[in-house]
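Everything below concerns the one structure shown next.
Laboratory data are not the source of any read-out in this text; all were calculated from the coordinates shown. As the structure is a prediction and not an experimental result, all values here were calculated from the model. All Cβ positions, even for glycine, are placed from backbone atoms using ideal geometry, and neighbour counts span all protein chains on display.
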Protein chains: 2
Amino acid sequence: MAKQPKTAISPTREENYPEWYQQVIRAADLADLSPVRGCMVIKPWGWGIWENMQQALDRMFKDTGHENAYFPLFIPMSFLEKEAEHVDGFAKECAVVTHHRLEPGPDGGLVPAGELEEPLIVRPTSETIIGAMYAKWVQSHRDLPILINQWANVVRWELRTRMFLRTTEFLWQEGHTAHATEEEAVEETNKMLEVYADFAENWMAMPVIKGEKTAGERFPGAVSTLTIEAMMQDRKALQSGTSHFLGQNFSKAQGIQFQDQNGETCFAWTTSWGVSTRLIGALIMTHSDDDGLIVPPRLAPAQIILLPIHKLESEADVMEYCENLKKELEAQQFGGLPIRVKIDNRDIRGGEKNWQHIKRGVPLRVEVGPKDIEKGGVFVGRRDTGKKQGYDRKEFVSIAADILQEIQQELYDRALKLREDNTRAFNDFEEFAAYFTPKNEDEPEIHGGFAICHFVDCPEMEEKLKPLKVTARCIPLDRPANPGICIFTGQATDKIGIFAKAY
Amino acid sequence: MAKQPKTAISPTREENYPEWYQQVIRAADLADLSPVRGCMVIKPWGWGIWENMQQALDRMFKDTGHENAYFPLFIPMSFLEKEAEHVDGFAKECAVVTHHRLEPGPDGGLVPAGELEEPLIVRPTSETIIGAMYAKWVQSHRDLPILINQWANVVRWELRTRMFLRTTEFLWQEGHTAHATEEEAVEETNKMLEVYADFAENWMAMPVIKGEKTAGERFPGAVSTLTIEAMMQDRKALQSGTSHFLGQNFSKAQGIQFQDQNGETCFAWTTSWGVSTRLIGALIMTHSDDDGLIVPPRLAPAQIILLPIHKLESEADVMEYCENLKKELEAQQFGGLPIRVKIDNRDIRGGEKNWQHIKRGVPLRVEVGPKDIEKGGVFVGRRDTGKKQGYDRKEFVSIAADILQEIQQELYDRALKLREDNTRAFNDFEEFAAYFTPKNEDEPEIHGGFAICHFVDCPEMEEKLKPLKVTARCIPLDRPANPGICIFTGQATDKIGIFAKAY
Ligand SMILES: [Zn+2]
Ligand SMILES: [Zn+2]
């Protein structure tokens, strides 16, 4: 075997976590910078992961009674003027279309022409435009509920961007629902949080904490925002999906009214909920190691890569063996779908090829050479553990799905262990502050984690959190409120919060 | 049964075809106008058709070796300045982003702020931005071919818009490939035309003529443009998909260069190909009748709708029967996929409900009432023929897929007959002109069709076509060139063309 560097990714996580993240993306061929400031190109391997995420989520949305639709990319500026609070949150940094034509300029270049009477905003989120349509569609209680989801691109003008985590344009889904009663809307908000948690844990193999946001972290205009929060390997939190109960705030601003069964005119109760390509960032930072990406099998565009090893004279035999093996594996089901198998017969060095698939995080690599054929065997490398093992071919086919499931579980367990090892309860602010303070302030080492403590949601807390660069992540839903003392103010409180540095 | 108007759609096709088209869209609940000029909202039933189109095409693209990726929404203005010919075609009417912030204005409203150094164009098509990336990715002949497709929204500022056919924002896929040899790129161009023709005929049940565009109708910058052309029921042509051989024109403008096996630097050969939500317009105008939409079964979001008919006391029995019937039907395969069945148990009048599904074009409506249950039967209405028939329940389950296939075929046959009945060969320009002139010039009746004639592609032809509002649709691929006389110029020529009025 060719000599390889100790790890494929340099720097390692310990050495420089942010730079490691960028290098994993590059080495896995997930995405590339584009010539457009803050916008990235999602390459086929990255897109394949997103497609699998979309398909799984889309099925879950449909199973919970939702339909897809599509609303315009542009929002008239006047729509944003209507909603002061929402605008404060979203409309500040956005792409503004002011002209609808290009004309030849004086110096041979082009200049914008045809100024619009009213500027258009490229949607940063679609509440206002969707709300305007719902106001038109809803007349009677018979028109409710409306349970619509949209897969779309959105734009928020970001000053500091990072691939998948914060880009000017990103892709997401946004669910927007309208209901006749508060109870139904609250139920919807909770239901979609459960869908997101289910997806995160069972597809992404990423444990999450379900919770409610504090006032300061709420979606602008929402009555309450539910969130799933995951811990990355640098122990920072990443908000991975949110579900908002909007009360009647948006329906009042947008005039979503209906006649109820008694003929009375009421405002609808609305929700919205979304996840984005940010989930790919979460996936990378949850599972990858110093050799590159590790993709949870259920989301891997290829779950098994077959690597034919041959000299010219043995190529036909090896390829035939691989083609047959591929068909046999594809006839097996993993997670209710046929196993996804690819053959890589590109004409490049075997060592290099093998490393490419390690860096891309393919769950299982299967080498097949003339000797394997003689023995009727295969030689299998597991991405999660790095272990390599020979199998009888038939045996491998019959247990391939089980191995994939083992990997899926192993990744989840590892991530959960990391989170549990780095979650601490605090009763004392000094200890809390020390937890979030790196020993090396110039080049901070990986430190901190999730802190659990009693708190009172107040300006004093915010003041004490700010210098630590820590935020309240959520009030966890699975911890019953119980009496205690706020570590920020010393006041009695029964609120418990999760605090962390966050992406 | 409640009394119904003779036809559900008013006006009929004969009375006013363009208005009929709008009314079909409204009655089928496919789409709605939005508050944004020229942009529409695609409602769930319309989106469901698009989803089915996407899934079928996506599978075909993948089966022909393509991968999906995603490129930025925005294109720097300077990218368009580089390519004079392409810009003439596309960059004139487009959405121009000039600012990246909104700030409170003097009168309490918002004003654009944060002017960009270089304006950004919302992509009208992505040749330039994708080309820039390919130039970066391609170094060696080993990096070729690149076979990438993108599903995306694009914007072209249209003055006169019509839902699905011409909207400011629309959705499409754009394939962009780069090859080492001209031969390979030409082969790719042809292959994708075949994919589009296959999709149009076998999924949309829409017969198409495959052909090459004349110089005047070519994609700006292309060496040749292949097209599929379909005839709508008003006998106008609708260009339904195009596949462009771009030669080295774009690779030279964008610097897509590679070292070949001999170490020489060469420019790549590129192609692009696309279809859009316009196909939904084509589907509507190919199959619908004066009662509304007819969706070809393979693309229908629901292929069978079950309509429970019950009084309150029989509801449980009828619903149980329907749920079981649904499961039995879903266990059957049509076109390689499980049959798609929905139950409509909404609390609205039966007659109204039935008409809703007629207007939406659901292929089969199945009424189930207490009497049907007693007999172990179902009562089935076919959307294409309007025929209604009782079946034994088991029999219906066993032949449902066959009936769907019959409908699919029937729709294709009808559309083909319409085209054949309205296609004429011409040797004489006066007859040609008369063919394309309505008898009633104020309110033109449906007239004309496809004209086949010999022609020489020249300005004189264009001059004679212009007043007739007729264009050369294509040089059909399946008609071997043979000697004849151009009906526009009297010159000898072996070129044969299809001419028509077109969308
Ligand atoms: Zn808003
Ligand atoms: Zn161009």
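Observations on the structure shown:
- In a reduced charge model with +1 at each Lys and Arg Cβ and -1 at each Asp and Glu Cβ, chain A shows a dipole moment near 1180 debye about its Cα centre.
- Per-pair calculated FRET efficiency, R0 = 25 Å: B:Asp317 and A:Glu184 via Cβ, rounded to 0.05: 0.35
- Protection proxy ranking of B:232-245, B:23-36, by the mean of other Cβ atoms within 10 Å over each peptide's residues and highest first, is B:232-245, B:23-36.
- Taking A:Thr493, B:Thr161, B:Thr286 and counting other C-beta atoms within 10 Å, the order from fewest to most: B:Thr161, A:Thr493, B:Thr286
- Percentage, to the nearest whole number, of Cα pairs in chain A over 41 Å apart: 30 percent
- Cβ charges +1 (Lys, Arg) and -1 (Asp, Glu), total dipole of segment B:300-406, debye: 460 debye
- Plainly put, the tip 7 Å out from Cα toward Cβ on A:Ala316 is 7.0 nm from that tip on each other copy, the closest given first.
- Computed over chain B: relative contact order in percent, which uses C-alpha pairs under 8 Å that are six or more apart: 14 percent
- Rounded if a/c under 1.5, otherwise prolate or oblate - the protein assembly as shown, Cα gyration tensor axes: rounded
- Stretchable slack from A:His447 to A:Glu118, in nm (0.36 nm times residue separation minus alpha-carbon distance): 113.5 nm
- Fewest neighbouring Cβ atoms within 10 Å first, the residues B:Ile256, B:Ile146 line up as B:Ile146, B:Ile256.
- Table column - 3J(HN,Hα) (Hz), segment A:157-164, Karplus curve with 6.51, -1.76, 1.60, x for Gly and Pro: 6, 9, 6, 10, 10, 9, 3, 6
- When you count the other C-beta atoms within 10 angstrom of each residue and take the mean per peptide, A:37-48, B:46-57 line up highest first as A:37-48, B:46-57.
- Computed FRET value (nearest 0.05) for B:Ile485 with B:Asp198, which takes r as the C-beta separation and R₀ as 56 Å: 0.95
- Projecting the Cα atoms of A:Pro480, A:Gly449, A:Phe499 onto the dipole axis of segment A:423-500, where Lys and Arg carry +1 and Asp and Glu carry -1 at the beta carbon, places A:Pro480 farthest toward the positive end.
- Pairwise FRET efficiency - B:Asp413 versus B:Glu460, Cβ, R0 = 41 Å, nearest 0.05: 0.55
- For segment A:227-354, the residue among A:Leu279, A:Ile228, A:Ala300 whose Cα projects farthest onto the positive side of the dipole built from Cβ charges is A:Ile228.
- Straight-distance crosslink candidates among lysines, where the alpha carbon sits under 20 Å from B:Lys417 and sequence neighbours closer than 8 are dropped: B:Lys210, B:Lys236, B:Lys501
- Put a plus charge on the Cβ of each Lys and Arg, a minus charge on the Cβ of each Asp and Glu, and nothing anywhere else: the dipole of segment B:423-500 about its Cα centre is then about 260 debye.
- Across peptide A:119-127, the mean count of Cβ atoms from other chains lying within 10 Å of each residue's own Cβ comes to 3.
- Net length gained if the chain between A:Gln54 and A:Glu14 were fully extended (0.36 nm per residue, minus Cα distance): 11.2 nm
- Distance between modelled label sites at B:Arg26 and B:Ala492, nm, 7 Å Cα→Cβ extension: 5.8 nm
- Projecting the Cα atoms of A:Ile49, A:Trp157, A:Gly175 onto the charge dipole of segment A:31-185 (Cβ charges, centred on the Cα centre) puts A:Ile49 farthest toward the positive pole.
- Equivalent ellipsoid semi-axes, segment A:17-287, via Cα gyration tensor eigenvalues times 5, rooted, Å: 31, 28, 15
- For A:Leu110, the residues whose modelled amide H falls within less than 5 Å of its own, excluding neighbours fewer than 5 places apart on the same chain, are A:Gly105.
- Ascending distances from the A:Lys394 label point to its copies in the other chains, with the point 7 Å along the Cα-to-beta-carbon line: 3.9 nm.
- Between copies, the label points of B:Lys191, set 7 Å from Cα on the Cα→Cβ line, lie 4.5 nm apart, reported in increasing order to one decimal in nanometres.
- Shielding by partners, peptide B:61-72 (average Cβ within 10 angstrom, other chains): 5
- Considering only beta bridges that DSSP places wholly inside the protein assembly as shown, some 85 percent are antiparallel.
- Inter-site label distance for B:Arg142 and A:Arg346 at 7 Å from Cα along Cβ, in nm: 0.8 nm
- Of all DSSP bridge pairs formed entirely within segment A:300-406, close to 60 percent run antiparallel.
- Peptide B:145-151 has a mean of 2 when you count, residue by residue, the C-beta atoms of other protein chains within 10 Å of its C-beta.
- DSSP beta bridges in segment B:423-500 [antiparallel fraction, %, rounded to 5]: 75 percent
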